[in-house]
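Heads up, the thing below is written out as structure tokens.
The values are calculated or read from the model by the stated rules, or taken from the named source; none is laboratory data. No experiment lies behind these values; they were computed from the predicted model shown. Here the Cβ is made from the backbone with ideal geometry for all residues, glycine too, and neighbour counts use every protein chain on show. All accessible areas refer to the heavy atoms of the entire protein, side chains included, with ligands and DNA or RNA removed. Shrake-Rupley method; radii C 1.70, N 1.55, O 1.52, S 1.80 Å.
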Amino acid sequence: MKKVSILIPFYNEQEVLPSLFERLQSLIDSNDNYQWEVMLINDGSTDNSLCLVKQMRLRDKRFRYIDLSRNFGKETAMLAGFDNVTGDCMVIMDADLQHPPEVIPQMLKLWEEGYDDIYGKRNNRGKEPWLRRKLSLLYYKLLQKTTNVSILQNVGDFRLLDRICIDALCSMRESQRYTKGMFQWIGFKKKEFTFDQDDRVAGNTKWSYIKLLNLAIEGITSYTTSPLKIATVMGLIVSLCAFIYMLFVLIKAMAVGDPVAGYPTIMVVMLFLGGVQLLSLGIIGEYVGRIFNETKNRPAYFIREIDGKKRQKVYKDEN
Ligand code: UDP
Ligand code: MG
């Protein structure tokens, strides 16, 4: 019998976990032609979430959990899941029930047809603030223009991956992760399906604008070096302008003589160039920072506990 893993990273989700468990349980009970494993990754929750998960595990051994040593962020929590799920395929979903578990059988059907990566495309974005939706649209346009890898709009992390994709993702060990780009980058046979994204059942989104901005910078700097070219291009343009201006000043001085003036021009040019230099330095700094972090070569995360036992890794064929 084929084994299906469901991977759910969660962070302070005590309000939604009970209804999540209920819906998952009725799903896996009604699809007993597969063996199921629900892998819950506790990303350092500070509320009662882990307790609820442990109770669930006592009632139903198909529910497993990994307790990370602290909050590492969703991207890293997902990596911990990739490393430890044991299924022949894996469905990734959010804990907040924005991804309806009821469409999983539909995804499995496509998987049986031979697709490796079945990704969900939102028909709607649910109830989201207007500004956030607009910013997100703008960001994807920008990303699309600057990267070689096409990153799909309205496609989140809700997807089914074959074992071959899971192994590919596990082999990518960078610690500052932008998983959304990785899904595209690894390739394999992809298939889209659409679903209606529900609203968050309870609790609040864990993404503040600052966190989203960080993720956005992550996305750009991990998939393209074109911002570095901005500095080069700007340098060229500015030098060219400066050269033309120099000619103008020289000719003017020779033709009509030069009364002392020009303090405003000098100030403007100096400030402008200072700004351009700072910007370029900042861009370079982003990349140097990434190099710094990757060369430390640390493990991306630490596990405190797996299914009640203190240790670092899941071994195959155990439950
Ligand atoms: N999440 C996580 N670690 C974090 C932040 C979020 O594991 O540091 C989980 C969260 O519990 C949820 C999923 O990632 O299961 C998506 O988070 P959220 O619903 O807050 O994001 P949104 O749907 O608003 O993009
Ligand atoms: Mg959500």
For Lys211 the rounded accessible area (nearest 10 Å², probe 1.4 Å, non-protein molecules ignored) is 80
Cβ charges +1 (Lys, Arg) and -1 (Asp, Glu), total dipole of the chain, debye
540
What value, in deg cm²/dmol to 500, does the helix sum -39500 (n - 2.57) over DSSP H runs of n ≥ 4 give at 222 nm once divided by the residues of the chain?
-16000 deg cm²/dmol
Taking only protein heavy atoms and a 1.4 Å probe, what accessible area per residue, in Å², does the chain have with all protein chains in place?
54
Cα lying deepest toward the dipole's positive end in the chain, options Phe63, Thr224, Gly203, charges on Cβ
Thr224
Rounded to the nearest percent, how much of the accessible area of the chain (1.4 Å probe, protein heavy atoms only) is carbon and sulfur?
62
For segment 204-319, what is Rg from Cα atoms divided by 2.2 N^0.38 Å, rounded to two decimals?
1.95
When the chain is treated as a Gaussian network with springs between alpha carbons less than 10 Å apart, the largest mean-square fluctuation among Met39, Met254, Met93 is found at Met254
Could you work out how far helix 263-295 tilts from the main Cα principal axis of the chain, as a 0 to 90 degree angle to the nearest 10?
30
Which peptide among 178-188, 293-303, 159-169 comes first, and what is the full order, when sorted by highest mean count of other Cβ atoms within 10 Å?
159-169, 178-188, 293-303
Compute from the Cα atoms of the chain the Rg and the Dmax, the latter being the longest Cα-Cα distance, and quote both in angstrom.
25.4, 93
Amide H neighbours of Ser45 under 5 Å, at least 5 residues apart or on other chains, H built in the peptide plane: list them.
Asn12
Kindly identify segment 7-99 as rounded, prolate or oblate by the Cα gyration tensor criterion: order the square roots of the eigenvalues as a ≥ b ≥ c, call it rounded if a/c is under 1.5, otherwise compare a/b with b/c, prolate if a/b is larger, else oblate.
oblate
With no solvent and one equal point scatterer per Cα, compute the Debye intensity ratio I(q)/I(0) for segment 96-205 at 0.09, 0.17, 0.21, 0.23 Å⁻¹ and report its log10, rounded to two decimals.
-0.27, -0.96, -1.30, -1.38
Checked against a 28 Å limit on the C-alpha separation, the offending pairs among Lys121/Lys313; Lys2/Lys206; Lys54/Lys180; Lys191/Lys310; Lys141/Lys206 are Lys121/Lys313; Lys2/Lys206; Lys54/Lys180; Lys191/Lys310
Based on the alpha carbons, how large is the Rg to Rh ratio for segment 232-279 when Rh follows Kirkwood?
1.06
0 to 90° range, to nearest 10: angle between helix 226-256 axis and the chain longest Cα axis
10
If packing is taken as the average number of other Cβ atoms within 10 Å across a peptide's residues, how do 131-144, 16-29 rank, most packed first?
16-29, 131-144
Antiparallel content of DSSP bridges confined to the chain, in %, to 5
35
Enter the Cα centre distance for the pair segment 253-305 and segment 26-89, rounded to the nearest angstrom.
44
